[in-house]
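The values are calculated or read from the model by the stated rules, or taken from the named source; none is laboratory data. These numbers were taken from a predicted model, which means no experiment stands behind them. Because the Cβ atoms are built from the backbone with ideal geometry, glycine has one as well, and the counts that use them run over all protein chains shown. Note: accessible area is taken over every heavy atom of the protein model, side chains too, but ligands, DNA and RNA are not part of it. Shrake-Rupley method; radii C 1.70, N 1.55, O 1.52, S 1.80 Å.
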Amino acid sequence: MDVPPALDPLSTSFSTSYANVVAFMAVVIEGSFARAAVRLDVDRSAVSRSVKRLEEQLGVRLLRRTTRSLSLTTEGTLLYEHCRPGIEQIGQAFELVRELREGPPRGTLRIGAEVDFGRRVIAPLLPSFQSAFPEIGLDVILDDAPGDFIDDRIDVRFQRGPSADGHVVTRRLMPLDLTVCATPSYLRWHGLPLTPEDLRRHHCIGRRLANGRLQEWEFQVEGRLLRHRISPRHIVNDDELLARAVGEGLGIAQLPGHLVRDRLDDGSLVRCLEDVAVADGSYELCYPRRTHMPARVRVFIDHVSAAVNNAEAIQSRIRESEATVR
């Protein structure tokens, strides 16, 4: 004989535990009870009660709380790490059910990208995507620092090089042709560098990374990747500023090819050290490894991949045509 749901201690316990776990996860991800309450659309006191009930149920303390800080205990860290995949899978299941019921892909898609790559490569592809899928909202986050797919709720991220996270799928999107370049007038005054060592006598312009370190220049020497530390005269923390400084003749720099391709083609910038340029670098499209991918993510990945591949094919044909004319 079936036990009525109200008298079934297993279902009651599971229901209560799940709500408490969700509240705990939200507090950890958001970093505060107040922000967790906003995300869950409940009162702050409700979040606090849920976490307290979970601690009482488990018989351990999960969070260290003071007036100024919030941190996980050893038990809290263990619970958080083991619950993350389960919470994500439940969310995916809900999305799949909604998609079956609602039809065309919809919902909000959170896209992460490095600043200049996002502006120059990804942003121009978004209007056509939104025209094709008007019920998908876009939340674009441009940041050179890598984001956390779970904590930052990123669906898709574009970055240089593959992700080291085993829970993230990495797909090569397009080549990253790092190009050392300068203006013709700069090279007339300072000469053309023939080896990476020659850069010591040049006015190098460096780029400071999000972690505060200076970006090393990369070269391919006898099949090996060589990272070269420069002593820059000028330093910026943005590729667009770097390209502008080079274009104004302030010095020589190494830049992603997509930022300076037009200026290289019209001769206002000149390539240097082409024989040691990195040949196998790439920009990657990354997304969390999932059993079921939400439709909004799948159609976006397909759209961007097709658009970039088409653009690369067109550029390749143009370069081949120019080489034939020469």
State yes or no: is Ser71 outside any helix (DSSP H, G or I) and either of a type in the set (A, V, I, L, M, F, W, C) or within 16 Å of Ile29 (Cβ to Cβ) (or both)? yes
Can you name the residue in segment 218-237 that is among the hydrophobic types (A, V, I, L, M, F, W, C) and within 22 Å of Glu197 (Cβ to Cβ) and, of all such residues, is least open to solvent (accessible area, probe 1.4 Å)? Phe219
Considering segment 17-29, residues that are more than 15 Å from Glu81 (Cα to Cα) and free of Cβ contacts under 8 Å to residues at least 40 places away in the same chain, and then whichever is surrounded by the most Cβ atoms within 10 Å (Cβ to Cβ), we arrive at Asn20
Exactly one of (1) buried (at least 16 other Cβ atoms within 10 Å of the Cβ); (2) over 30 Å from Gly191 (Cα atoms); (3) out of contact with any Leu (no Cβ under 8 Å at 6 or more places or on another chain) is unmet by Val156. Its number? (3)
Just checking, does segment 191-213 include any residue being touching a helix residue (DSSP H, G or I) at 6+ places or on another chain (Cβ under 6 Å) and in contact (Cβ under 8 Å) with a residue 60 or more places away in the chain? yes
Collect the residues in segment 238-255 that are within 26 Å of the chain's Cα centre (by Cα) and open to solvent by 30 Å² or more (accessible area, probe 1.4 Å), keeping them in residue-number order. Glu240, Leu241, Arg244
Suppose we filter segment 177-217 for residues that are open to solvent by 20 Å² or more (accessible area, probe 1.4 Å), closer than 27 Å to Tyr283 by Cα and in contact with a strand residue (DSSP E or B) (Cβ under 6 Å, 6 or more places away or on another chain); how many remain? 5
